[in-house]
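A quick write-up on the structure given underneath.
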Amino acid sequence: MISSYTIGIYPRSEELIEATRKSSSNLRSLLIKEKKEYIAIQKKAKLTYVSDPLLDWDDIFRPFSKLKSVKVAALNRIYEMNTFYRRLSFEGGMDGAGNIIKSNLALSLLPKNKTVSIPEPYTFADQHLNTKYKKKEDFTIFLAKMLRKEINSLSKSGFKMIQLLSPSIAYNIDKVDFALLKDTMKILTRGLKIKTNLHLYFGDVSKKMEKLLDLPVSGLSFDTMSTPISSLKKHSFSGKSISFGIVNSYNTKIENKRKCISEINNAISKIKPDEAFVTTSFDLEYVPKKFAIKKISVLGEIARGVKDV
């Protein structure tokens, strides 16, 4: 078997959606109840790493709206999805950074084998605004330093792996400034003892694979709906781990686990990574709860069926 985990935000039940809309008096208790349920489901599926389902996060960036230097701006579409996030405008320093992510997680509910998803700085800068820096490069470096404070705090809190969510890199792969990207990854990972997986989704990154493999992260993680597994087989992952985002978060169809296991076994035999994982293509929040539960279960079955590296 190989390791397994899920990515990002989970779907809310209809009851929780309604309670959120109305700001019901029982909203907090419903949130905790569903978080406990999802954590139990991950444990039952025997996922290697368990995550907070982030049901109280409106989007992956929103916790940072609590920084004193940040103002909430207009809604913006999430790439080509029919959903939106709230843009943030950074108008000062990073006072208060280092405890934002941790304070927005249900730490007491999570086991020791815990992981968490955070946006990486290149994507963060691409999707948000600032009034302090004229150059986007400087804003990106600022965000990298802010996020490193968050990672240090998460590491001290016992997290075993950080998932660096990188949709803007994949979506704009032909326009990416890899020198800047490498500098930001150095800031995030230099001297870090825990694992860091750069998760690439919403675009095919196969043409830039060698540049991605040169980045100073523990491993690369791919939405295999966008970057086909066949394209990964052409490269050596020696010195890196690989995560196959093989459980499709785009739709409700449940994966054929035998086909997935065969594909991954074949790929691992060719690329020879240091370590291999299976995960979701991105956040499960885009499918109804009952299908998310089924997909978590099949993810665990796929992981147990793949031969270890």
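The values are calculated or read from the model by the stated rules, or taken from the named source; none is laboratory data. Note that the coordinates shown come from a computational prediction; the quantities given were computed from them, not determined experimentally. So basically every Cβ, Gly included, is an ideal-geometry build from the backbone, and we count neighbours across all protein chains shown.
Hey, can you tell me all the residues within the range 45-67 that are among the charged types (D, E, K, R) and without any contact (Cβ under 8 Å) to a residue 40 or more places away in the chain? Give the steps one after another, and end with the answer.
Taking the range 45-67 first, the residues among the charged types (D, E, K, R) are 46, 52, 56, 58-59, 62, 66.
Across the range 45-67, the qualifying residues are 58, 62, 66.
Would you please name the residue that is modelled with the lowest pLDDT, looking only at residues in the range 217-251 that are basic (Lys, Arg) and under 19 Å from residue 306 (Cβ atoms)? Lay out the reasoning, then the answer.
Going residue by residue through the range 217-251, those that are basic (Lys, Arg) are 233-234, 240.
Then drop every residue that is not under 19 Å from residue 306 (Cβ atoms), which leaves 233, 240.
Numbers: 233: 92, 240: 98.
Only one residue tops the list, namely 233.
Run down 14, 37 and say which single residue is of a type in the set (Asp, Glu), over 20 Å from residue 118 (Cα atoms) and under 21 Å from the mean Cα position of the chain (by Cα).
Only one candidate qualifies: 37.
Within the range 1-42, track down each residue that is part of a loop (DSSP other than H, G, I, E, B) and either surrounded by fewer than 14 Cβ atoms within 10 Å (Cβ to Cβ) or of a type in the set (Gly, Ala, Ser) (or both). Even if it seems obvious, please write down each step before you answer.
Narrowing the range 1-42 to residues part of a loop (DSSP other than H, G, I, E, B): 1-2, 5-13, 23-26.
Selection gives 8, 13, 23, 24, 25, 26.
Suppose we filter 292, 303, 276 for residues that are crowded, with 22+ Cβ neighbours inside 10 Å, outside any helix (DSSP H, G or I) and either touching a Cys at 6+ places or on another chain (Cβ under 8 Å) or modelled with pLDDT of 95 or more (or both); which single one remains? Step through it out loud before you land on a result.
On the way: 292 fails: outside any helix (DSSP H, G or I); 303 fails: outside any helix (DSSP H, G or I).
Matching residue, one of 292, 303, 276: 276.
Within the range 250-268, does at least one residue satisfy the condition of being under 28 Å from residue 54 (Cβ atoms), surrounded by fewer than 20 Cβ atoms within 10 Å (Cβ to Cβ) and hydrophobic (A, V, I, L, M, F, W, C)?
yes
Here are some conditions: (1) more than 25 Å from residue 81 (Cβ to Cβ); (2) part of a helix (DSSP H, G or I); (3) in contact (Cβ under 8 Å) with a residue 24 or more places away in the chain. Residue 269 meets all but one. Which one does it not meet?
Checking residue 269 against (1) more than 25 Å from residue 81 (Cβ to Cβ); (2) part of a helix (DSSP H, G or I); (3) in contact (Cβ under 8 Å) with a residue 24 or more places away in the chain, the one that fails is (3).
So which residues in the range 43-81 are buried (at least 20 other Cβ atoms within 10 Å of the Cβ), assigned to a strand (DSSP E or B) and of a type in the set (A, V, I, L, M, F, W, C)?
Of everything in the range 43-81, those that are buried (at least 20 other Cβ atoms within 10 Å of the Cβ), assigned to a strand (DSSP E or B) and of a type in the set (A, V, I, L, M, F, W, C) turn out to be 50, 70.
Restrict the check to the range 82-91 and report whether at least one residue is part of a loop (DSSP other than H, G, I, E, B), more than 22 Å from the chain's Cα centre (by Cα) and either farther than 24 Å from residue 196 by Cα or at pLDDT 95 or above (or both). Spell out how you get there, then give the answer.
To start, the set of residues in the range 82-91 that are part of a loop (DSSP other than H, G, I, E, B) comprises 82-83, 91.
If we keep only those that are more than 22 Å from the chain's Cα centre (by Cα) as well, we get 91.
In the following step, the residues that additionally are either farther than 24 Å from residue 196 by Cα or at pLDDT 95 or above (or both) were identified as 91.
Looking through the range 82-91, at least one residue is part of a loop (DSSP other than H, G, I, E, B), more than 22 Å from the chain's Cα centre (by Cα) and either farther than 24 Å from residue 196 by Cα or at pLDDT 95 or above (or both).
If you scan the range 202-231, which residues turn out to be under 20 Å from residue 161 (Cβ atoms) and touching a helix residue (DSSP H, G or I) at 6+ places or on another chain (Cβ under 9 Å)? Working first, answer last.
Step one: of the range 202-231, the residues under 20 Å from residue 161 (Cβ atoms) are 212-213, 215-224.
Result: 212, 215, 216, 217, 218, 220, 222, 223, 224.
Please work out which residue is surrounded by the most Cβ atoms within 10 Å (Cβ to Cβ), limiting yourself to the range 152-176 and to residues that are in a loop (DSSP other than H, G, I, E, B) and out of contact with any Lys or Arg (no Cβ under 9 Å at 6 or more places or on another chain).
166
Checking residue 287 against (1) surrounded by fewer than 23 Cβ atoms within 10 Å (Cβ to Cβ); (2) within 15 Å of residue 6 (Cα to Cα); (3) out of contact with any helix residue (DSSP H, G or I) (no Cβ under 8 Å at 6 or more places or on another chain), which single condition isn't satisfied?
Condition not satisfied by residue 287: (3).
Cβ-Cβ below 6 Å, separation at least six or inter-chain, first residue in the range 33-44 and touching a residue at least 24 places away in the same chain (Cβ under 8 Å), second outside any helix (DSSP H, G or I) and among the aromatic types (Phe, Trp, Tyr): which pairs?
Note: pairs meeting the criteria are 38/10.
Restricting attention to the range 108-151, which residues are acidic (Asp, Glu) and either in a helix (DSSP H, G or I) or modelled with pLDDT under 95 (or both)?
To start, the set of residues in the range 108-151 that are acidic (Asp, Glu) comprises 120, 126, 137-138, 150.
Listed by number, the residues that qualify are 126, 137, 138, 150.
Are there any pairs, at least 6 apart or on different chains, whose C-beta atoms fall under 6 Å, with the first in the range 209-238 and closer than 24 Å to residue 261 by Cβ and the second surrounded by 16 or more Cβ atoms within 10 Å (Cβ to Cβ) and acidic (Asp, Glu), and if so, which?
226/204; 227/204; 229/263
Name the single residue that is surrounded by the most Cβ atoms within 10 Å (Cβ to Cβ) among those in the range 112-133 being among the charged types (D, E, K, R) and more than 18 Å from residue 71 (Cα to Cα). Spell out how you get there, then give the answer.
As a first pass, look at the range 112-133 and keep what is among the charged types (D, E, K, R): 112, 114, 120, 126, 132.
Subsequent filtering for residues that are more than 18 Å from residue 71 (Cα to Cα) retains 112, 114, 120.
Values: 112: 8, 114: 21, 120: 27.
Looking at the filtered set, the residue picked out is 120.
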